[in-house]
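The values are calculated or read from the model by the stated rules, or taken from the named source; none is laboratory data. Keep in mind the model is a prediction, meaning the values are calculated, not measured. As a convention, Cβ positions derive from the backbone with ideal geometry for all residues, glycine included, and neighbour counts pool all protein chains shown.
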Amino acid sequence: MKGVSSIIVAILLLIIAVSMTSLAYSFFGEVVSETTETGNEVVEEVKESTLSNVKIDSISDDIVTIRNTGKVDISHIAIFVNDMFDAGASVPYRLSPGSVGDITLSEPASPGAVIKVTTGEGASAIRSVPGTFLVLLDASFDSDAETFSYQDNLFGTSSNTAQENGQWETDSNCASGACLAVELNVNGPPNNENGGYSGGWQKSITTTGSSSIKISFDYRLRLAGSTELNEYVNVSYIDIEDGSIVMGPGIVHSNPGSDEYRTGSITYTTGLLAPGTYSFGAGCYMTQVTATNENSGCWIDNVLIETV
Ligand SMILES: [Ca+2]
Ligand SMILES: [Ca+2]
Ligand SMILES: [Ca+2]
């Protein structure tokens, strides 16, 4: 009986082993075949996105002209204006390689807006709408003061005119080459010491159309090392929109004994301005001094004024 059972057990074990092997084969076989299929799909997708390509040829008013620069058809074309999907735009249904098509936006995009085109194949293109920038003034001051005129007390102060001075000069403190300089508490003794000092350079700008105006300029400030905490200097300018005085960045003395400098740029854009003449000015303002050697100054360079 014992021998018979051993044989049965052996046969059973053999049957189990054979079924397991075949199960394992069919299981791994399926996995292998699925993996191969997925791999093929990935390869197809990679192939399509590498071969599909789109370019924006031009943007004019509400028409965005695109070109299929890839090797496969493009379809499911979508357009975004400043990241907003334009659901009302009319787009080509399909474009074959090399062909050109027009997208009509639901409304003309503003100058400077960012246009993005995407396709169902994964291609995309981005381009900004050309601006209508008109340069009203581009002054580097490298050969002269470019008809800017210097004025004492431009930023709210009212006396000390003998201690305020402006000159066009070539100086290593200019952003480059030559520029417009202002010196405050020039040669002492201090007079009306709590009244403050200011000086700046002005110029009128005339616009012929309604637009916003963008203004930018470079500045460098200096504050004498002999000053105390309440004797500080700010870069200052006249906002051409309403003629108001704007106090920009400044230096409050923190390192007794050595002169301190601060360099930077100011950029601002006005609201919509009606055609007309506007006055721009830039320079610096010093709060007060109590000694002849407490002085400050600034250098203004690269004034760029343009419509946007
Ligand atoms: Ca003066
Ligand atoms: Ca310059
Ligand atoms: Ca002082």
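Quick check on my filter: what residues within region 226-243 are closer than 13 Å to residue 289 by Cβ and in contact with a strand residue (DSSP E or B) (Cβ under 9 Å, 6 or more places away or on another chain)? Show your work before the answer.
Filtering region 226-243 for residues closer than 13 Å to residue 289 by Cβ gives 226-233.
If the condition is that a residue be closer than 13 Å to residue 289 by Cβ and in contact with a strand residue (DSSP E or B) (Cβ under 9 Å, 6 or more places away or on another chain), then 227, 231, 232, 233 are the ones that fit.
Of everything in region 118-135 that's of a type in the set (Val, Ile, Thr) and at pLDDT 95 or above, which residue is surrounded by the most Cβ atoms within 10 Å (Cβ to Cβ)?
Let us first name the residues in region 118-135 that are of a type in the set (Val, Ile, Thr), namely 118-119, 126, 129, 132, 135.
If we keep only those that are at pLDDT 95 or above too, we end up with 118-119.
Values: 118: 18, 119: 25.
So, considering only residues that are of a type in the set (Val, Ile, Thr) and at pLDDT 95 or above, the one surrounded by the most Cβ atoms within 10 Å (Cβ to Cβ) is 119.
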**Item:** Condition met for residue 105 (surrounded by 17 or more Cβ atoms within 10 Å (Cβ to Cβ) and hydrophobic (A, V, I, L, M, F, W, C))
**Value:** yes
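Out of the residues in region 158-174 that are under 15 Å from residue 202 (Cβ atoms) and not charged (D, E, K, R), state the one that is nearest to ligand 1 (Cβ to nearest atom).
Step one: list which residues in region 158-174 are under 15 Å from residue 202 (Cβ atoms), which gives 164, 166-168.
Retained after the next criterion (residues that are not charged (D, E, K, R)): 166-168.
Working: 166: 7, 167: 10, 168: 15 Å.
Among those residues, the one meeting the criterion is 166.
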**Message:** Out of the strands (runs of 3 or more DSSP E) lying entirely within region 121-222, which hold 1 or more residues that are more than 24 Å from the chain's Cα centre (by Cα) and not assigned by TED's automatic domain parsing to the domain that holds residue 238?
**Reply:** none
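Residue by residue, here is whether (1) among the small types (Gly, Ala, Ser); (2) in contact with a Lys or Arg (Cβ under 8 Å, 6 or more places away or on another chain); (3) over 18 Å from residue 50 (Cβ atoms) holds:
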residue	(1), (2), (3)
72	no, no, no
78	yes, no, yes
105	no, no, yes
113	yes, no, yes
**Complete:** The condition from (1) over 26 Å from the mean Cα position of the chain (by Cα); (2) crowded, with 19+ Cβ neighbours inside 10 Å; (3) among the small types (Gly, Ala, Ser) that residue 279 misses is numbered (2)
